[in-house]
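The structure under discussion appears below in the form of structure tokens.
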Amino acid sequence: MKIAILSRNPDLYSTSRLREEAEKKSHECRVIDTLKCSIDITTANPAIWYTGEKLERQDAIIPRIGASITDYGTAVIRQFEMMDTFCLVGSIPLGRSRSKLRALQLLARKGLGMPATGFAHDVHNTRQLIKLVGGAPVVVKLLEGTQGRGVVLAETAKAAESVIDAFTELKADFLVQEFIKEAGGTDIRAIVVGGKVVAAMKRTGAEGDFRSNLHRGGSAEVIKLSPEERSTAVRSAKAMGLNVCGVDMLRSNHGPVVMEVNSSPGLEGVENATGLDIAGMIIEYLEKNAKPNATKTKGKG
């Protein structure tokens, strides 16, 4: 099978591990820089050109699209879909997961647990927005932030008003969410592959930081999920239409609440914490499901 990994850096842990496992299973695998792809849009014979040459047909692609190039990355995935290549992450699910607001609306529609969340463009009454999510402390998140950047904990109503006013002045889109104090600076990441939770870890933030991102100095350890947490992770992946994803949850007093569904979850932290071969599981999923014209969400809004 010919597999292409869409990644800007072949040396990244996740990219190199996926390539390693694909080649270990005797597949032909190459890493393609998404931004070096040129799209040839035609009705009869859509194609992708790469570094000056027409890209030969691939049986499957594994998108590892960075948040900064989501729009172009989505266009490249759509072109592969037009060419009947199996896409591990389809263009529509990628777009859903990258829009924090859209993702939360889809999860809410499916009845999944979430922190109380408020969103407004013209914040003429800051106090009302804070009250909407249960009052201070609140978490204010930029819609475009990733890996914990653009996330602020406002511990008092006055601090929340100041942060909201600052973001509003900058004309930045943001969410206001209730702060789940009982989570104690930890969250859970569950890795879902093919509708099943294959691994889970608990992430703990660095001392003095309420954010648990490993990129920001947090630590990780293996954890056993409750049946409700496992079900929440699977249902979240299904709501997004994602074959593979990382579902980030907090343990609240009223059950698991979903914070984010990541369409390109990093593999280093979870493989090191659990000792599991997640990259190998992803390649095995491709082996079983990568058939022409089989991307389930193709053409759906």
Here's a check for you: in the stretch 37-81, which residue that is among the hydroxyl-bearing types (Ser, Thr, Tyr) and assigned to a loop (DSSP other than H, G, I, E, B) is surrounded by the most Cβ atoms within 10 Å (Cβ to Cβ)? THR51
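Suppose we keep only residues that are buried (at least 16 other Cβ atoms within 10 Å of the Cβ) and touching a helix residue (DSSP H, G or I) at 6+ places or on another chain (Cβ under 8 Å) within the stretch 16-29. Which one would you say is farthest from THR85 (Cα to Cα)?
Step one: filter the stretch 16-29 for residues buried (at least 16 other Cβ atoms within 10 Å of the Cβ), giving 16-19, 21-22, 27, 29.
From what is left, the residues that are touching a helix residue (DSSP H, G or I) at 6+ places or on another chain (Cβ under 8 Å) are 17-18, 21-22, 27, 29.
Details: ARG17: 22, LEU18: 18, GLU21: 20, ALA22: 17, HIS27: 16, CYS29: 14 Å.
Residue satisfying both the conditions and the ranking: ARG17.
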Pairs, first of a type in the set (D, E, K, R) in the stretch 38-50, second surrounded by 10 or more Cβ atoms within 10 Å (Cβ to Cβ), C-beta under 9 Å, six or more apart: ASP40/PRO46; ASP40/ALA47; ASP40/ILE48; ASP40/TRP49; ASP40/LYS54; ASP40/GLN79
Subset of the stretch 1-15 (residues that are surrounded by 18 or more Cβ atoms within 10 Å (Cβ to Cβ) and polar (S, T, N, Q)): SER7, SER14, THR15
If you scan the stretch 138-177, which residues turn out to be over 28 Å from ALA67 (Cα atoms) and not acidic (Asp, Glu)? THR156, ALA157, LYS158, ALA159
When you scan the stretch 263-272, do you find a residue that is within 17 Å of ALA237 (Cα to Cα) and in contact with a Cys (Cβ under 7 Å, 6 or more places away or on another chain), even just one? yes
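Could you tell me which residue of the stretch 82-91 is farthest from ILE282 (Cα to Cα), considering only residues that are out of contact with any Phe, Trp or Tyr (no Cβ under 6 Å at 6 or more places or on another chain) and crowded, with 21+ Cβ neighbours inside 10 Å? Spell out how you get there, then give the answer.
Residues of the stretch 82-91 that are out of contact with any Phe, Trp or Tyr (no Cβ under 6 Å at 6 or more places or on another chain), as a first pass: 82-86, 88-91.
Cutting the leftovers down to crowded, with 21+ Cβ neighbours inside 10 Å gives us 85-86, 88-91.
Numbers: THR85: 17, PHE86: 13, LEU88: 9, VAL89: 12, GLY90: 15, SER91: 18 Å.
The selected residue is SER91.
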Test each condition in (1) touching a Ser or Thr at 6+ places or on another chain (Cβ under 8 Å); (2) farther than 21 Å from VAL193 by Cβ for CYS37 and report the one that comes out false. (1)
Within the stretch 133-149, how many residues turn out to be at pLDDT 85 or above and over 11 Å from LEU175 (Cβ atoms)? 4
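The values are calculated or read from the model by the stated rules, or taken from the named source; none is laboratory data. These numbers were taken from a predicted model, which means no experiment stands behind them. Here Cβ is always computed from backbone atoms with ideal geometry, including for glycine, and neighbour counts include all displayed protein chains.
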